[in-house]
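In what follows, a single structure is set out as structure tokens and then discussed.
The values are calculated or read from the model by the stated rules, or taken from the named source; none is laboratory data. Not measured: the values here are computed from a predicted model. Ideal geometry is used to build each Cβ from the backbone, glycine not excepted, and the neighbour counts take in all protein chains shown. Note: areas computed on protein heavy atoms with side chains; ligands, DNA, RNA excluded. Shrake-Rupley method; radii C 1.70, N 1.55, O 1.52, S 1.80 Å.
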Amino acid sequence: MGKKEIVLTVLILLALLAGVLVGQFVLHAGGEAAAGSIEVFTKLGDLLFIRPLRMLVVPIVFIGVTVGVAGIGRADKLGLLGGTTIAYYLLTMAASITVGLALVGVFKPGAGADLASLEENAKSAFENSVESRIEDRPETFTDVVFQLGESLVSDNPIRSAAEGDTLPLVTLAILLGLALVLIREKGEAAIAFFQSLFEALIRLVLWIIWLAIPGIFFIVAARVGQVGFEGFAGPLAKFSMVVVVGLLIHSVITLPTVLAVFGRINPFVFMWQMRKPLLTAFGTSSSAATLPITIEEAVQSGGCSRRAANFVLPVGATINMDGTALYIAVVVSFLFELYGFELTLIQYAIILFTATLTAVGAAAVPSASLVLMAIVIGAVNNTLPALEDGETQLLPLHAIGIILGVDRLLDMCRTAVNVWGDSVGAKLLTRLAPDEDAASRS
């Protein structure tokens, strides 16, 4: 590791720490008087770091996947890589949800909590921050499946790109890369052009990553300043503890075990190699914005093949949500427990199945985690038995407002886990899609 790498890592860590301290003890402690400063910090973080990264997401996804597919070269190899990638993501999301549900069963974070005190502000928080965002949510599982299908094939890829929806771009890039391979010599010039353009985009990433230092400071300070850490010491402390412990178990036990067993790789060395995208994901709470850095670091520091990184990571940033899926499962189970419902094994299975499958299409809808909560709550509500008078007692959707106070800070943790899951996938699948020079040596 060169001196520049050491300096950059240390400065990012210091920026994170400084952001937390300034956010808690200056901005949050300042109350209403600091509201203007929080807004300024938010805008500075967005302008300095988030916008430059998001500027590169669409071209990197489209060009990177096209180059990756063209590099794979054969339809059967692409099918094997694509099928294995999807299977890996679905299985690891299911594993993360299982960890979350097991911890809820052990610690029972909703049992004994004061519902009245928690619900006091839940309705207003829900109406102000959530209700308008989930109005267009899928109502049934069939709606979810059709929405996922529609998001895979867009009738206007340019509009999808403008809206930040990268899943249709992945589909188009896969088809274009395969077509370039099939036309053989005629496609070589286009492939060379895309490869050169991709190298130029990666050079831009190397410049922008230095903006992570001020950018992460402003973003973290604003986020902590908005909500503070008080919520973690009150009635939601046990819930937050279950979420954090679940994310840690999935990050340092489940995923490392998968990497060690199937990849025969030291997972913690690889985790250290991927520290920059993990810190960036934690600071920005956006796996999409982190994607350019994740791709570059996976290849340059993590030893992933360019073919695997260009294909697996954009797909993962779009459909893989290990941390978010675990979080949704814990939130839904916690809220039902808090309101006095005793869920059965079948209902826990519904949470597992629905949270896994809906997470795949979550990137196609705004406020993904909030929409997921509403969908999963609706799925469980549909299974609740009728009372003696024929009515069915349901968990109200405004219950989501209860966890909004800690949601933003927990979002930082689960986004880092999402990116870590993507990175492990790229490292594992490098064995199926090595670069040409590595393949020729083996």
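General observations
- Accessible surface of the range 197-355 [probe 1.4 Å, protein heavy atoms]: carbon and sulfur percent: 70
- Folded to 0 to 90 degrees: helix 404-429 orientation relative to the chain principal axis, Cα: 30
- Value of relative contact order over the chain, rounded to a whole percent, pairs C-alpha under 8 Å and six or more apart: 32
- Global size of the range 226-276 as Cα Rg and Dmax, reported in angstrom: 15.3, 43
- 222 nm mean residue ellipticity, helices alone, for the chain (DSSP H n ≥ 4; -39,500 (n - 2.57); rounded to 500): -23500 deg cm²/dmol
- For the range 159-173, backbone phi angles converted through the Karplus equation (6.51, -1.76, 1.60; θ = phi - 60°) give residue-by-residue couplings of 5, 4, 5, 5, 8, x, 8, 8, 4, x, 5, 4, 4, 5, 5 Hz, Gly and Pro being listed as x.
- Net charge dipole size for the chain [Lys, Arg +1 and Asp, Glu -1 on Cβ; Debye, nearest 20]: 1940
- Normalised per residue, the accessible area of the range 26-124 is 47 Å², obtained with a 1.4 Å probe and no contribution from ligands, DNA or RNA.
- For residue 9, net neighbour charge (Lys/Arg +1, Asp/Glu -1) across residues whose Cβ lies under 13 Å away: +2
- Karplus-based coupling profile of the range 328-336, in residue order and whole Hz: 4, 4, 5, 4, 4, 4, 4, 5, 5, with θ = phi - 60° in 6.51 cos²θ - 1.76 cosθ + 1.60 and x standing for Gly or Pro.
- Å² of accessible area per residue within the range 213-320, as computed with a 1.4 Å probe and no ligands counted: 31
- Each of the peptides 12-21, 347-356 was scored by the mean count of other Cβ atoms within 10 Å over its residues; in descending order, highest first, they stand as 347-356, 12-21.
- Highest average first, the peptides 308-317, 26-35 ordered by how many other beta carbon atoms sit within 10 Å of their residues are 308-317, 26-35.
- Protection proxy ranking, peptides 249-255, 282-288, average beta carbon neighbours within 10 Å, highest first: 282-288, 249-255
- Of the solvent-accessible surface of the range 1-130, computed with a 1.4 Å probe and all protein chains present, 67% belongs to carbon and sulfur.
- For the range 86-92, 3J(HN,Hα) computed residue by residue from phi via the Karplus equation (6.51, -1.76, 1.60; θ = phi - 60°) reads 4, 4, 4, 5, 5, 5, 6 Hz, glycine and proline entered as x.
- Using every pair of distinct Cα positions in the range 163-270, the Kirkwood expression returns a hydrodynamic radius of 19.3 angstrom.
- Nearest 10 degrees, 0 to 90: helix 368-381 Cα axis against the chain principal axis: 50
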